[in-house]
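Nothing in this text is a laboratory measurement; each read-out follows from the coordinates by a stated rule. No experiment lies behind these values; they were computed from the predicted model shown. A quick note on method: Cβ atoms are made from the backbone with ideal geometry, for glycine too, and the neighbour counts reach across all protein chains shown.
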Amino acid sequence: MNRKYARFFAIVLALTLFTALISACSKENKPAAESKAAESSGSETTPAESSSASDPAKPDISKKVELVWYLLGDSHADSPKVVEEWNKMLEKDLNTTVKLNFTTWTEWATKYNLLLTTGEKVDMIFASSWADYFKYAKQGAFLDLTDLLPTYAPQTWSTVPEQDWSEAKVDGKIFAVPATYPEFTPNGIVYREDWRKELNLPEVKDLDSIEAYMDGVKKSKSGVTPIGGSAWNEVSTLFKAITGFEAIGGDGNSVVVAKSYDNPRDIVAYPFTTEFADYAKRMKTWASKGFWSSSTLSVETAAGDLIKAGTGAVYWRNPAGAGGFITDLKKTNPEIEVAYFPFTRIQNYAVPNLSINNGMAIPKSSTNPERSLMVLDKLRNDPKYFNLMTYGFEGTHYSLNADGKTYVAPPKGVEVAQDWKKYDIAGWGWRYEPNMLKEEGSWDGFDKLTEEFKAISRPSIFQPVVLDYEPVKAEQAAVNQVFKQYGQPLMMGLVPDVDKALETYRKKLEGAGIDKVVAYVKEQAEAYYTERNIQ
Amino acid sequence: MSRLLVDLRTNKVLWLMIVPSLVFFVIFSYLPMIGVYYAFTNYSFEGGLFKSPYVGFQNFQFLIQSGQLYALTKNTILYNLAFIFLGNALQVTCAIFLSELPGKLFRKFTQSFMFLPFFLSFVLIGAFVFNLFNFENGAVNTFLKGIGLQPYDFYLHTAPWKYIIVFFSVWKGLGYGMIIYLAAIMSISDEYHEAAKIDGANIFQRTRHIILPLLVPTFVLLILLSLGGILKGQFDLFYQIIGNNGMLFETTDIIDTYVYRSLTVNFDIGMGTAAGLYQSAFGLVLVCAVNYIIKKTREDYALF
């Protein structure tokens, strides 16, 4: 009897495991099939409805769905509470709840890649030209929204300008909803202005004055490393600024560049230029003067944290980032005075961002693209939703001024501690300018800078070139390795002998197939220029 | 075949008892192996695993393209040999010392103390290393300056990192391996020792002629097991200590970190799988080879 029972038990166990296996397989297939069905039914109904976009037939929301959204960047300590409130509103209005996830900034590129390639169910994700939007769209990672938009995001469809939509198009299809917020994000540096005045150093305006500034700070302030933490961004963006080299396709770390804005067809690999050789030599002197630490490539600390700690002086930021940093600093470290120097003043032109510099896309794995679009439509256009998700709770995180256009953070009459952080999450993807509020007491330099950029603005011609490196991906992967191993230490001036290191770097690049990569980039760029009639 | 069927019928219960573990291996080891096919396709979001276009060995090209494959394989193997042999030698030594220690309380304490690093995560160890060796305010350089010596800039030289990495790896694994050897030593019958003592053997002679020979099977088994993973160098160890610091890659880059970097910059499932397959195939060949050699010399110790 006992034996029989044991045998029975073993069989049952085996069968359970087996069925578990089978069902695990079939489970994976089901939602995809469902979504395909939903997708096709969605596009079937569109043509009839898009003609009457002003009064769309209300989409069916009788089924309650739970969506998963991913944002690229950091959350705020109070985000869970805010999202909870948001979900209450969503449940009432759209019979939906959203689980909002953040990738944070650590290893974001890896996480982002994995989210898309492993086919995890995600209903909406941040997308951007600087996060390889064009490449992913071309490879088919995102859902084509062209037909869904008029039905499920009618307000957005009609408010986003035609130009913005066209900048988000890949092969004539829209794969993401671009944020509506024209801005310039050139590179630049934030630096300790109070130290500059105190030490009587020259005004920062070019490479020499930056050198003089850092030299002065290094010599007079003991314990200060001018660019504390990781100095790669500061040094590499400065290189592009002084040489006028322009990155193609928005990949700032690529070694293939256009030699100047005026000559977009002159495309080279910059390590082979004399400009790079000169710069590397100069950086060698900077590194040996101790402008940054010899372990700079190993550090993850942002230079900004060290400015706050009083041991750093220079920090790479774009104007918006600088604005946030400076406004923050005023509240936490009012004794520190910093100024901002945009590199556009070296180059004398500024290029506006593409609309798709920030946006929201729906991955192929989504099971409810329609509802996800409806939520986005609501979020962008309903000020109640927009303010909650962008600025937090009124009264707790900010207070609205009487004019309804500006806000105060922290809210009036609320005392905050040193470690207070403004409610700020990675919400750039749903920005809609008419709904955006201006912070009172924020850095007044920002608007002036925007004016300055507008005056010297030139159209964006390099960013929209779509590069997915498909035909040369082995070469591209090899080149990236060489760049990391030989290029970065060389540019950071960490090598003992610049000439010898440069020679090795070039040889290794050639071995990795840099010529093929350059040829590929050239071909893609030429095609784009011809299509858009650029020179 | 018919013999198998007969066996199945006569030993039904035994076969059923092995079913759960068979199922386990099928689900977690053999089914995922289907993914190896990725190495030969050009992954597309449309096609997934089976409908992406077949490209043959094209994905392996990037490993060879950079001309790094040889250096990487060499680094990986040498590091692992250092880890395995140095680690095991130290573990055996410590285990012998510990077994000869008189006070039980002291012995237990030492044992736990040496075991502790095993529980540290490599992230923490990475932080240790940075704070010990950085030029500006690392502990080592502060000490050097304190006693009036020239500080040494570790991050500008590639040479010291070999030793740093091996040291931390051995240090971390010391307690764990030691316990295995300690258990083996404890299982040696006291009669041998007593007989040897009566014959007047001192502690060195006993170690040389009793303990070491009886530890050989354990040693061989542990070596064989670790050799299988020789091409899977400890990724976290290298990544946490070196990270993305290209300056130090010359002596510290192993296949794992190389692959990781290629794929985070230029994410491609096909190339990632290709590199993983290369590692596994190499590991398989290595284990078979070592096992073959052992079988030829001392058959009893062979793994299979």
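Computed FRET efficiency, Cβ-Cβ of A:Lys63 and A:Lys281, R0 56 Å: what is it to the nearest 0.05?
0.30
Could you calculate the FRET efficiency of B:Phe304 with A:Lys99 from 1/(1 + (r/R0)^6), where r is the beta carbon distance between them and R0 is 51 Å, rounded to 0.05? Display every interim value, and only then the final one.
Numbers: r = 48 Å, r/R0 = 0.94.
Calculated transfer efficiency: 0.60.
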Can you list which of the DSSP-assigned H helices in chain B have a Cα extent of 27 Å or more along the long axis and an average Kyte-Doolittle score of at least 1.0?
B:159-186, B:269-297
At R0 = 51 Å, how high is the FRET efficiency between A:Lys92 and B:Val123 if r is their beta carbon distance? Nearest 0.05 is fine.
0.75
Taking only C-alpha pairs under 8 Å that are 6+ residues apart, what is the relative contact order of chain A in percent?
21
Using a simple spin-label model with points 7 Å from Cα along the Cα→Cβ vector, what separation in nm is obtained for A:Leu400 and A:Glu337?
3.7
Computed label-point distance, nm, for sites B:Leu284 and B:Val19 using a 7 Å Cα→Cβ extension
2.9
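Where does the charge balance sit around A:Val498 when Lys and Arg score +1, Asp and Glu -1, over other residues with C-beta under 12 Å from its C-beta? Before the final figure, lay out the partial values.
Numbers: positive: A:Lys281, A:Arg282, A:Lys284, A:Lys500; negative: A:Asp278, A:Asp497, A:Asp499, A:Glu503.
Its environment carries a net charge of 0.
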Placing one equal point scatterer on each C-alpha of the range B:5-115 and summing with Debye, one gets log10 I(q)/I(0) at q = 0.11, 0.12, 0.13, 0.23 Å⁻¹ equal to -0.86, -0.90, -0.92, -1.18
When ranked by the protection proxy of mean other Cβ atoms within 10 Å per residue, highest first, what sequence do the peptides A:89-101, A:243-255 form?
A:243-255, A:89-101
Taking the range A:303-355 on its own, what percent of its Cα-Cα pair distances exceed 16 Å?
47
Pick from B:Phe109, B:Phe45, B:Phe119 the residue whose mean-square fluctuation is largest in a GNM of chain B, springs joining Cα atoms under 10 Å.
B:Phe45
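Would you calculate, for chain B, the mean residue ellipticity at 222 nm contributed by helices, counting each DSSP H stretch of 4 or more residues as -39,500 (n - 2.57) and dividing by all residues, to the nearest 500? If you can, show how the numbers build up before the last one.
On the way: 17 runs with 201 residues, N = 304.
It lands at -20500 deg cm²/dmol.
For chain B, what does the alpha-carbon gyration tensor say about shape, rounded, prolate or oblate, given a ≥ b ≥ c as the root eigenvalues, a/c under 1.5 as rounded, and a/b over b/c as prolate?
On the way: a/c = 2.30, a/b = 1.09, b/c = 2.12.
It is oblate, given that a/c is not under 1.5 and a/b is not larger than b/c.
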Have a look at B:Tyr192, B:Tyr258, B:Tyr163 and tell me which one the Gaussian network model of chain B (Cα, springs below 10 Å) gives the largest fluctuation.
B:Tyr192
Globularity index of the protein assembly as shown, i.e. its alpha-carbon radius of gyration over 2.2 N^0.38 Å
1.10
Could you work out, residue by residue across B:10-16, how many beta carbons of other chains sit within 10 Å of that residue's beta carbon, and then give the average as an integer?
2
Under 16 Å from a label point 7 Å along Cα→Cβ of A:Ala77: give me every residue in the range A:422-437 with its amide N that close.
A:422-425
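For A:Ser222, A:Ser298, A:Ser129, B:Ser189, which order do you get if you count the other beta carbons within 10 Å of each Cβ and list the fewest first? Don't skip to the end; give the middle numbers.
Details: A:Ser222 6, A:Ser298 21, A:Ser129 26, B:Ser189 10.
With the fewest neighbours first, A:Ser222, A:Ser298, A:Ser129, B:Ser189 line up as A:Ser222, B:Ser189, A:Ser298, A:Ser129.
Sorted from fewest to most neighbouring beta carbons within 10 Å, what does the list A:Leu494, A:Leu388, A:Leu114 look like? The partial results should precede the final answer.
Details: A:Leu494 25, A:Leu388 20, A:Leu114 14.
If I rank by nearby Cβ atoms, fewest first, I get A:Leu114, A:Leu388, A:Leu494.
Nearest-5 percent of antiparallel DSSP beta bridges in the protein assembly as shown?
Numbers: 27 of 41 bridges.
Taking every DSSP beta bridge within the protein assembly as shown, about 65 percent pair in antiparallel fashion.
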Springs between alpha-carbon pairs under 10 angstrom, Gaussian network model over chain B: which of B:Gly200, B:Gly87, B:Gly48 fluctuates most?
B:Gly200
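Within a 10 angstrom radius of the beta carbon, how do B:Ser99, B:Ser262 rank from fewest other beta carbons to most? Walk me through the intermediate numbers first.
Numbers: B:Ser99 16, B:Ser262 25.
Fewest-to-most ranking of B:Ser99, B:Ser262: B:Ser99, B:Ser262.
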Quickly work out the A:Glu523-to-A:Lys289 label distance, labels modelled 7 Å from Cα along the C-beta direction, and quote it in nm with one decimal.
4.5
